[in-house]
Structure formats: structure tokens, C-alpha cells
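Chemist: I'd like to ask you about the structure that follows.
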Amino acid sequence: MIYITGDTHREFKRVVDFCLHQKTSEQDILVILGDTGINYVGENYYKYAGRLCDEDLKKALNHLPITLFCLHGNHEQRPESLEIYEEREWNGGKVYFEPEFPNLVFAKDGEIYELSGKRCLAIGGAYSVDKEYRLEKDMEWWEDEQPSKETKKLVEKRLKAAKWQIDVVFSHTCPYKYVAQIFPFAYTKVDISTEKWLDKIEDKLEFSNWYCGHMHVEKEIGKMRFMYEDFAEFGEHPIPDEALQTEE
């Protein structure tokens with residue numbers, strides 16, 4: 001089975017509970033739509049009292065009975081910028097992974113993956129609306145949090161080759177046209193270049209479903225599903241959300 005959820009920000013209790021509730025196995029996949037927080041503190045974990053270092057967190061997650069397929073968010077490092085990661089083929093596309101943690105795989109922006117017979121495009125990254133606060137408080141922030149010009153060109157090249165037809169899009173943030181429907185008074189003083197670019201992508205693209213995180217809301221608008229702490233089953237016949245909720 002393949003499941004989808006939103007941002008975790010290094011808090012995986014609900015994922016652990018979900019795996020127990022659904023009796024998952026390593027053959028099952030959980031798509032996390034960015035901001036997993038798995039590559040966050042790096043060697044600076046001494047700044048975060050009581051927080052696991054990244055390697056210890058990965059060791060714990062590697063024992064989960066499920067494979068985590070993670071998009072890049074904005075509150076975490078890009079795996080391609082870390083020397084610890086290698087590339088490999090996974091379900092028709094390239095991913096980043098560490099051999100010692102085989103059930104933790106990270107999407108490469110612009111890759112198209114075959115999941116349950118569907119072609120799925122991955123687009124990570126977004127602007128941190130709390131950037132100034134994070135810098136002021138000496139918290140982690142990464143300059144490459146948004147997709148680069150090269151990444152955008154790669155995405156467009158892949159979609160052109162696919163004749164602008166795809167089954168499913170996984171992204172961290174969403175096209176800008178939806179932002180005002182969620183936060184009508186926000187996003188007035190932030191960089192919206194990624195969202196504006198996704199507007200252009202969506203306008204040209206033929207797709208069936210689009211899943212995104214980042215906004216910390218659970219909402220459906222047309223083909224767009226915003227996910228946070230909810231879980232969805234990926235496939236032709238999704239089961240009701242209430243059957244996927246973890247027990248309190």
C-alpha cells in the first residue's frame with residue numbers, strides 16, 4: 001500500500017501510531033510532502049537540548065515497518081547538498097539515500113516515479129515565511145530552500161517530454177492561486193516566486209491529483225489536496241479518511 005501525509009517537522013509519533021494501526025510493512029510506502037526534519041540539526045544538535053541528532057533520528061526511523069519517501073521542504077537541508085547521500089534508481093526515478101538507512105528515500109526534484117501504475121512528479125521546496133525570525137533566533141535556515149532556476153528548467157523539460165501529461169503531482173508548496181483561498185491575509189511580504197511558477201505549471205499540465213503540504217491545513221480544492229497531519233491512501237479507490245486516523 002502507498003499512503004500520503006503532510007509535514008512532520010521531526011515529530012514522528014503520529015507516523016509510528018499510523019504504522020501500528022495499519023499494520024504496515026517495509027513494502028508499504030508513506031509519502032511525506034516535505035519538511036520531514038530528518039536532515040535538520042546536522043552537527044549542530046548541541047543547540048537543541050533534548051533533540052536527537054540527525055543520525056540517531058534516522059536510526060530510529062529505519063526501524064519503522066514502512067518505507068518513507070520524502071520530498072524536500074523548506075525547514076530542512078537538501079539531501080543533494082550533503083555528502084552522505086548517494087543516488088539510485090527507485091520506482092522509475094532517481095532518489096537520494098544512505099545505504100545504512102534503506103527505508104529512508106528522498107525525492108529528487110523533477111523526477112517522475114511509477115507508483116501503483118501512476119506517473120508521479122515530485123517538486124520540493126518553498127520559501128520560509130518565518131525566515132527573519134529564524135535568522136534572528138539563530139535557528140537553522142538554508143539559502144537553497146526554494147527550487148533553483150536549474151531545477152525549474154529540469155521540471156519543465158521532463159514535463160515537455162511527457163507532453164504535459166502526468167497522473168499525480170507531489171509538491172511541498174502549492175500554486176499561488178490557491179494561497180488566497182487558504183490564507184487571504186498572508187503571503188503579502190514574502191517571496192512567492194515558487195508558487196507563481198507552480199501556477200504556470202498547473203495551467204499547462206493535465207493531471208488527475210495534486211498533493212501538497214507546507215500550509216499546515218487539511219483541505220481539498222478541486223484536484224488539489226492540502227495535507228498536514230491527516231493520512232490518505234494513494235490509488236484508484238481511496239478509503240475514507242476516518243479509517244486512516246490513528247487512535248488517540
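The values are calculated or read from the model by the stated rules, or taken from the named source; none is laboratory data. Treat the numbers as computed from the prediction; the structure is a model and nothing was measured. Every residue, glycine as well, gets a Cβ built from its backbone with ideal geometry; the counts of neighbours run over all protein chains shown. Only protein heavy atoms, including side chains, enter the accessible area calculation; ligands, DNA and RNA are left aside. Shrake-Rupley method; radii C 1.70, N 1.55, O 1.52, S 1.80 Å.
Chemist: With a 1.4 Å probe and every protein chain left in place, work out the accessible area per residue of the chain in Å², rounded to a whole number.
Modeler: Averaged over the residues of the chain, the accessible area is 50 Å².
Chemist: Where in segment 104-139 is the amide nitrogen less than 17 Å from a point lying 7 Å along the Cα-to-Cβ axis of Glu26?
Modeler: 104-106
Chemist: Run the numbers for Glu80 and Arg14: contour at 0.36 nm per residue of separation, minus the present Cα-Cα distance, in nm.
Modeler: Length difference between fully extended and current span is 21.0 nm.
Chemist: Would you please give the residues with an amide H less than 5 Å from that of Trp142, counting only those at least 5 places away or on a separate chain, with H modeled from the backbone geometry?
Modeler: For Trp142, whose amide H was placed from the backbone, there are no distant partners under 5 Å.
Chemist: Between Ile2 and residues 5 or more places away or on another chain, which pairs have amide H atoms under 5 Å apart, with H built 1.01 Å from N, and which residues are they?
Modeler: Residues meeting the amide H criterion: Ile29, Phe234.
Chemist: Quick check: net charge around Glu87, other residues with Cβ under 15 Å of its Cβ, Lys/Arg +1 and Asp/Glu -1?
Modeler: Values: positive: Arg78, Arg88, Lys94, Lys108; negative: Glu80, Glu83, Glu86, Glu89, Glu98, Asp109, Glu111.
So the surrounding residues net to -3.
Chemist: If I compute solvent accessible area with a 1.4 Å probe over the protein chains, what percent of it on the chain is carbon and sulfur? Could you put the intermediate results ahead of the total?
Modeler: Values: 5960 of 12290 Å².
Reported share for carbon and sulfur atoms: 49 percent.
Chemist: Here is a further query. Once the piece of chain linking Glu132 and Ala180 is laid out straight, how much longer is it, given 0.36 nm per residue of separation minus the C-alpha distance between them?
Modeler: Values: separation 48, 0.36 × 48 = 17.28 nm, distance 2.22 nm.
Difference between extended and current length: 15.1 nm.
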